[in-house]
Amino acid sequence: MGKMGSEMLIYVLLLMAGVLASGQSSPVKIWPMPASVSYGHTHLYLTSDFGFSSNYGSEILKDAFDRMLALIKLDHVIDANFSAFNSSSLLQGLHIIISSPNGQLQYGVDESYKLIVPSPEKPAYAHLEAKTVYGALQGLQTFSQLCYFSVTSRVLQIDMSPWTIIDQPRFSYRGLLIDTSRHYLPVPVIKKVIDSMSYAKLNVMHWHIVDTQSFPLEIPSYPKLWDGAYSPSERYTVADAADIVSYAQKRGINVLAEIDVPGHALSWGTGYPSLWPSKDCQQPLDISNEFTFKVIDGILSDFSKIFNFKFVHLGGDEVNTSCWTTTPRIRNWLKKHGMNESQAYQYFVLRAQNIALSHGYEIINWEETFNDFGNKLSRKTVVHNWLGGGVAQRVVASGLRCIVSNQDKWYLDHLDTPWQEFYANEPLTNITNLKQQKLVIGGEVCMWGETVDGSDIEQTIWPRAAAAAERLWTPFDKLAKNPRDVTGRLAHFRCLLNQRGVAAAPVAGLGRAAPEGPGSCYRQ
């Protein structure tokens with residue numbers, strides 16, 4: 001059998017298995033799927049001077065509109081003869097109505113919007129209304145997916161009009177973790193990740209800045225901390241961090257900063273060796289030294305000037321306390337204070353929490369803190385699940401909030417976890433009480449950095465993160481019961497990411513799979 005024949009046979013087999021056919025029955029290709037969508041059968045064409053007007057004067061909105069137009073054009077040359085078009089099919093612009101003047105991005109901001117294309121009152125315009133500018137940003141993302149450059153008409157085109165889309169997110173917290181300690185990520189790479197997050201309506205970038213391996217961030221209060229960076233060029237200045245936060249906010253994305261204490265902190269001692277229990281036993285941080293808590297206070301004080309999200313992440317996971325008991329002076333300190341190892345771990349976490357609270361933050365901690373002493377945690381704690389299932393259920397039953405990131409389904413560094421499992425992972429599993437369901441504030445996919453850097457991070461994140469993004473955005477009753485039913489639509493979104501310059505891997509295959517051979521993007 002020739003190569004072409006074998007490819008056709010594979011395609012037919014996939015079709016029979018439902019892998020390609022499923023999800024292609026609906027002509028709606030929007031990702032994530034909105035709460036409510038209706039459409040028609042008419043074509044519209046954007047005029048060459050397509051613009052927007054709004055009751056809301058905002059640089060954020062203007063910049064977002066300009067970015068959206070560039071995304072739709074994709075650098076194509078629009079050279080249509082507009083006089084040949086029926087004037088009733090031409091769309092001259094977009095009216096944007098925003099009802100709240102508050103332009104501050106924060107957790108729980110209203111992201112709902114209503115998009116009508118064209119407006120029944122003014123058929124030459126599309127109509128977008130939202131409570132906040134951040135809802136309008138989400139509406140612009142959806143509008144961008146309705147438009148495409150048509151090579152036949154040589155113009156930006158919208159099919160299946162009229163559209164009426166009413167939409168809002170299912171969860172307020174829809175996160176992606178990046179890790180800049182295991183490998184340094186250059187600022188342009190981080191910004192590209194932020195751009196791609198906005199396309200999928202993710203709204204929190206969890207920045208796991210430092211860890212055992214390196215400390216790349218400038219801390220003015222303790223300037224030797226970034227001596228723990230891999231090299232002088234693999235660092236972020238305060239101005240870099242503030243720029244990243246600003247860049248994200250303009251795209252409706254909050255930045256959650258993390259310092260992981262008391263474990264995962266060996267790199268801190270490169271600049272300040274007294275933070276180590278000893279030269280030979282270098283983590284967790286020295287609990288017996290008041291300087292340790294002064295440094296944490298200094299870091300969080302500096303954070304509060306840069307990271308204005310209401311939460312800070314204090315880690316607290318994987319703490320091996322053996323250095324505390326094998327270092328004589330720390331062992332004596334524990335004895336003097338009447339603490340065993342587990343009590344010392346609790347003391348450290350709670351003291352770090354109090355420091356964060358003093359700087360106006362609410363706290364996120366990894367789930368070990370809850371598993372070990374959940375009833376002692378501040379009531380302003382959000383427990384970040386990662387070890388497995390069932391944790392969220394226990395957390396919300398105790399009255400605390402929870403973020404779901406169970407590693408068996410939502411860890412992007414697990415390359416053997418296919419997108420179908422990302423899609424099917426339900427944060428509210430076995431949580432039936434409505435009050436408790438509200439305590440699950442959302443979920444997060446985690447891109448741990450051991451095997452990713454600027455060369456491969458995008459194809460490791462996408463398209464699997466998009467599968468989780470729909471789970472977190474789309475109403476539960478609109479989600480596919482079987483992930484294969486959305487295969488075609490996800491493949492379409494993956495191709496859209498590629499067109500926008502995002503190195504998203506094929507839908508077929510496991511994490512960061514390569515294309516198997518020649519073929520259309522939409523069938524990979």
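The values are calculated or read from the model by the stated rules, or taken from the named source; none is laboratory data. Predicted model only: the values in this text are computed from it and were never measured. Glycine also receives a Cβ, built like all others from the backbone with ideal geometry; neighbour counts cover every protein chain displayed. What goes into the accessible areas is simple: the full protein's heavy atoms, side chains included, and nothing from ligands, DNA or RNA. Shrake-Rupley method; radii C 1.70, N 1.55, O 1.52, S 1.80 Å.
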Can you give the accessible area per residue of the chain, in Å², using a 1.4 Å probe? 40 Å²
Divide, for the stretch 36-167, the radius of gyration over alpha carbons by 2.2 N^0.38 Å, where N is the residue count. 1.04
Which links in 310/481; 279/310; 250/305; 73/250; 62/201; 191/224 stretch past 28 Å when you go from one Cα to the other? 310/481; 279/310
Checking rank on 241-254, 279-292, 260-273, with mean other Cβ inside 10 Å and highest first, the result is 260-273, 241-254, 279-292
Sequence-distant or interchain residues sharing an amide H contact under 5 Å with residue 440, placed H: which? 402
Kirkwood Rh over Cα pairs of the stretch 314-470 into Stokes-Einstein at 4 °C, 1.567 mPa s: D in µm²/s? 75 µm²/s
Return the FRET efficiency for the residue pair residue 408, residue 154: r is the Cβ-Cβ distance, R0 is 51 Å, and the value is rounded to the nearest 0.05. 0.55
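Please identify every one of the chymotrypsin sites (Phe, Trp or Tyr not before Pro) in the stretch 26-61 that sits in a loop by DSSP and has no more than 15 other beta carbons within 10 Å of its own beta carbon.
Details: sites: 39, 45, 50, 52, 56; in loops: 39, 56.
In loop regions of the stretch 26-61 (DSSP not H, G, I, E or B), there are no sparsely surrounded chymotrypsin sites (Phe, Trp or Tyr not before Pro).
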What is the projected area of the convex hull of the Cα atoms of the chain, averaged over all directions, in nm²? 26.9 nm²
In the chain the cysteines whose Cβ sits 4.7 Å or more from every other Cys Cβ are 147, 402, 446
Starting from the Cα gyration tensor of the stretch 166-317, multiply each eigenvalue by 5, take the square root, and state the resulting semi-axes largest first in whole Å. 29, 16, 13
The set of residues whose placed amide H lies less than 5 Å from the amide H of residue 93, leaving out same-chain residues fewer than 5 positions away, is 51, 126
Ellipticity estimate at 222 nm from DSSP helix runs (n ≥ 4, -39,500 (n - 2.57)) divided over the chain, nearest 500: -10000 deg cm²/dmol
Once you place label points 7 Å from the Cα toward the Cβ at residue 341 and residue 477, how far apart are they in nm? 5.2 nm
Mean Cβ neighbour count within 10 Å, used as a protection proxy, ranking 459-472, 365-378 highest first: 459-472, 365-378
At 1.306 mPa s and 10 °C, plugging the Kirkwood radius over alpha-carbon pairs of the stretch 343-435 into Stokes-Einstein gives what diffusion coefficient in µm²/s? 111 µm²/s
Where labels lie 7 Å past Cα in the beta-carbon direction, separation of residue 110 and residue 372 in nm: 4.3 nm
Give the long-range amide H neighbours of residue 36: residues separated by 5 or more places, or on another chain, with amide H under 5 Å away, using H modelled in the peptide plane at 1.01 Å from N. 166
Could you work out how far apart the two model spin labels at residue 522 and residue 451 are, taking each label as a point 7 Å from the Cα in the direction of the beta carbon, and quote it in nm? 3.3 nm
Put +1 on the Cβ of each Lys and Arg and -1 on the Cβ of each Asp and Glu in the stretch 173-514; which of 502, 364, 293 then has its Cα farthest toward the positive end of the dipole? 364
Using a Förster distance of 51 Å, how high is the FRET efficiency between residue 86 and residue 435, based on the Cβ-Cβ distance and rounded to 0.05? 0.40
With Cβ to Cβ distances under 9 Å as the rule, what net charge do the other residues near residue 511 carry (K, R +1; D, E -1)? 0
Compute the projected area of the convex hull of the Cα atoms of the stretch 122-176, averaged over all viewing directions, and report it in nm² to one decimal place. 5.7 nm²
Pull out the extension gain between residue 239 and residue 66, defined as 0.36 nm times the separation in residues minus the alpha carbon to alpha carbon distance; nm, one decimal. 59.7 nm
Where does the stretch 97-211 land on Rg/Rh, using Cα atoms and the Kirkwood Rh? 1.07
